[in-house]
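**Student:** Sending over a structure as structure tokens; questions will come in a sec.
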Amino acid sequence: MNKSVDLSTLADWDQTHVWHAFTQMAEYEPLLIERGEGATLIDVEGTRYLDGSASMWCNVHGHHHPRLDRAVREQLEKVAHSTNLGLSNPVTVQLAKRLTEVAPAGLEKVFFSDDGATAIEVALKMAFQFWRQTTPAQPSRERYLSIGEAYHGDTLGTIGVGGVARFGSIFGPLTFEAIRIPSPAVCRQPPGTTPDEACRASLSGLANILEQHHHEIAAVVMEPIVQAAGGILVHPPGFLRGMRELTQAHDVLLILDEVAMGFGRTGTLFACEQEDVSPDFLCLAKGLTGGYMPMAATLTTQRVWDAFLGTHAERRTFFHGHTYGGNPLAAAVALESLAVFEDERVLEAMQPSLARLSERMAEFVDHPHVTDVRGRGMMAAIELVESREGPVRYDPAEARGMRACLAARKHGVLLRPLGDVVVIMPPLCTTPAEIDQLCDAALAGIDEVCGR
Ligand SMILES: *Cc1c(COP(=O)(O)O)cnc(C)c1O
């Protein structure tokens, strides 16, 4: 950093010129991160914080990882970027091949873009165009079915299929309406509902809709196993499997959004492996490059690919692209991240940390201002309430979740809530001792802001 600019000037510029995502700028307090090491981030003054949100759920193996750093440097010696519109690059080709090897069977084709939202947009548009070009064509299939409280990104297309009211509702007039079924998550059902009941009720709702509307539905889009931004809504076992069976029975395409769950978050490389499901589209982003670079991929099948083949004059081409799609620097680090998963046996190595996280979560269950504790893999959520009787929710205007996370900062951790849900979602490399520090700080933050 250029030391001729002093820190208070930088903080001032940050408040004056940088419009931060999802942030009320009138209330924003600058915190400038300058360096990272493993699961730790270090600010411009040298204060260390554990990265409890994995830098928005994307960091996997830690910051400043020697192998990932080297992969970027080595690629930089060759070329930083060349387009994938009609051209290619060795490292991008190798990444595509590797993704088809690690993904569930049948996903053979890889379309690269930059972000989670674009990975979903690509799948939505491919599904739409597929039905116009497949034989026999079914052009009436032009709607989507999605799940209540789903989050698929912030572009106009993805908020159309999303359902987190606090993010998207103002833009309703600009978007298309998806058909929605309520989230099957047990924490969203009446008290006493078992996972099995929630699963069956939800699937029978879907079965009815598909029965009546399958000829108008291009695709079902969903986050498998856990709806992340909706509030870490964990689906009951069997739901994903059931969704796959019903979509197949009605020949509706299934788009799985693994932007948040992919790359080990739930304990398996992809969440859909847990129910042995292979979708028609698999959307990947956040963890794809280990959290180093913006890159996304939409994987699909031979069947979808074939519907787009023909001569240029037939106009069956997928007319869609992003300038930096398949970027070689990002591809190099993504390829190395997958190699690290393998060489360091990351999914096995993280087991002690997962065990510690679920052990520590048990301590929150009896807190007088906690109504629910849930999670899966390297991901935990603590839902705050004013009173457990009812439960009585806090007035959202009080921003208790955000205040609890800010209070936790004083204990050396960075956390980001989802409304009144405090979320712990650190890099997969987080050690059991670091898990302890994250949980201690979250508890201290909650106590400070909600009392005991
Ligand atoms: C973050 C996220 C997205 C959007 O990804 P961006 O890279 O922010 O566009 C889409 N789906 C899910 C499940 C996500 O968590």
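The values are calculated or read from the model by the stated rules, or taken from the named source; none is laboratory data. Note that the structure is a prediction, hence the values are computed from the model and not measured. Neighbour counts are summed over all protein chains in view; Cβ atoms, including those assigned to glycine, are modelled from backbone coordinates with ideal geometry. Surface accessibility is based on the protein's heavy atoms, side chains included, excluding ligands, DNA and RNA. Shrake-Rupley method; radii C 1.70, N 1.55, O 1.52, S 1.80 Å.
**Student:** Report the extension gain between Arg315 and Asp447 in nm, rounded to one decimal, defined as 0.36 nm multiplied by the number of residues separating them, less their alpha carbon distance.
**Tutor:** Working it through step by step, the gained length comes to 41.4 nm.
**Student:** What translational diffusion coefficient, to the nearest whole µm²/s, does the range 67-125 have by Stokes-Einstein, given a Kirkwood radius computed over alpha-carbon pairs, a temperature of 25 °C and 0.890 mPa s viscosity?
**Tutor:** 183 µm²/s
**Student:** Let me have the relative contact order for the chain, percent, based on Cα pairs under 8 Å that are six or more residues apart.
**Tutor:** So the answer I get is 20 percent.
**Student:** Still on this model: Report the antiparallel proportion of the DSSP beta bridges in the range 70-343 as a percent, rounded to a multiple of 5.
**Tutor:** So the antiparallel bridges in the range 70-343 amount to around 45 percent.
**Student:** For the chain, what is the mean residue ellipticity at 222 nm derived from helices alone (per DSSP H run of n ≥ 4: -39500 (n - 2.57); sum divided by total residues; nearest 500 deg cm²/dmol)?
**Tutor:** After summing the helix terms and dividing by the residues of the chain, the value is -11000 deg cm²/dmol.
**Student:** Also, quick follow-up: Could you calculate the FRET efficiency of Leu85 with His250 from 1/(1 + (r/R0)^6), where r is the beta carbon distance between them and R0 is 35 Å, rounded to 0.05?
**Tutor:** The calculated FRET efficiency here is 0.50.
**Student:** What's the ranking of 97-109, 414-426, 177-189 by average number of surrounding C-beta atoms within 10 Å, highest first?
**Tutor:** Highest-to-lowest ranking by the protection proxy: 414-426, 177-189, 97-109.
**Student:** In whole Å, how far is the Cα centre of the range 324-377 from that of the range 169-195?
**Tutor:** 26 Å
**Student:** Just by accessible area at a 1.4 angstrom probe, what is the order of Asp115, Asp51 from largest to smallest?
**Tutor:** Ranked from most to least accessible, the order is Asp115, Asp51.
**Student:** Here's another thing I want to ask about it. Starting with the highest mean, order 130-140, 282-292, 147-157, 355-365 by the number of other Cβ atoms within 10 Å, averaged over the residues of each peptide.
**Tutor:** Result, highest mean first: 282-292, 147-157, 355-365, 130-140.
**Student:** Next question. For Phe171 and Leu10, calculate 0.36 nm times their separation in residues minus their Cα-Cα distance, and state this gained length in nm to one decimal.
**Tutor:** In short, 54.6 nm is gained.
**Student:** Contour minus end-to-end for Ile33 and Glu101, with contour as 0.36 nm per residue of separation and end-to-end as the Cα-Cα distance?
**Tutor:** 20.9 nm
**Student:** Loop only per DSSP, at most 11 neighbouring Cβ atoms within 10 Å: give me the chymotrypsin sites (Phe, Trp or Tyr not before Pro) in the range 1-102, ordered by residue number.
**Tutor:** Here the chymotrypsin sites (Phe, Trp or Tyr not before Pro) that fit, given the DSSP loop and packing criteria, are Trp19, Phe22.
**Student:** Shape verdict for the chain, please, from the Cα gyration tensor: rounded (a/c under 1.5), prolate (a/b greater than b/c) or oblate.
**Tutor:** oblate
**Student:** Okay, moving on. Helix by helix through the chain, keep the DSSP H runs that span 20 Å or more along the axis on Cα and average at least -1.0 on Kyte-Doolittle, and give those back in order.
**Tutor:** Helices passing the filter in the chain: 116-133, 195-213, 328-343, 432-450.
**Student:** Where nothing but the Cβ of Lys and Arg (+1) and of Asp and Glu (-1) is charged, how large is the charge dipole of the chain around its Cα centre, in debye to the nearest 20?
**Tutor:** Using only the charged Cβ atoms, the result is roughly 840 debye.
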